[in-house]
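Only one structure is covered here, and it is reproduced in the block below.
Values quoted throughout were computed directly from the atomic coordinates according to the rules given, and no laboratory measurement underlies them. Because the structure is predicted, anything quoted here is derived from the model rather than measured. Note: ideal-geometry Cβ built from the backbone for every residue, glycine included; neighbour counts use all protein chains shown.
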Amino acid sequence: MKNAYDIIKRPVITEQSMEAVADKKYVFMVALDANKIEIKKAVEEIFGVNVAKVNTIRMQGKAKRTGSYPMGNRPAYKKAMVTLTADSKTIEFFEGMV
């Protein structure tokens, strides 16, 4: 059985994701094999909030130049956009970044 901290890897801190914090939408990098139900339970367990909706997107790794013949690839990853319910509290981790 997976731990909640194995499912949620780290938050995604970008301009677009920080603007969505006002609407109670948070973006996380998650494990590639995690599904929406596991992500919802992990966010609720770690942060103590109520999750309304989870959207996921799988991002392919980009090609990376190495300067010599064998061209490398950045790793593929999965993002989850988590929307909280209207009556839920906010996630304090993102408070100082907005």
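Values as computed for the structure displayed
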item: Inter-label distance, nm, simple model (7 Å from Cα along the C-beta direction), Asn55/Ile13; result: 2.4 nm
item: Three semi-axes of the equivalent ellipsoid, the chain, Cα gyration tensor, whole Å, largest first; result: 28, 16, 10
item: Contact order relative to length of the chain, as percent, for alpha carbon pairs under 8 angstrom and 6 or more apart; result: 31 percent
item: Filter on Lys2/Lys62; Lys2/Lys79; Lys2/Lys24 - keep pairs with C-alpha separation over 22 Å; result: Lys2/Lys62; Lys2/Lys24
item: Tilt relative to the chain, helix 36-47 - C-alpha long axis, 0 to 90 degrees, to 10; result: 60 degrees
item: Extension gain from Ala20 to Asn73, taking 0.36 nm per residue of separation minus the Cα-Cα distance; result: 16.1 nm
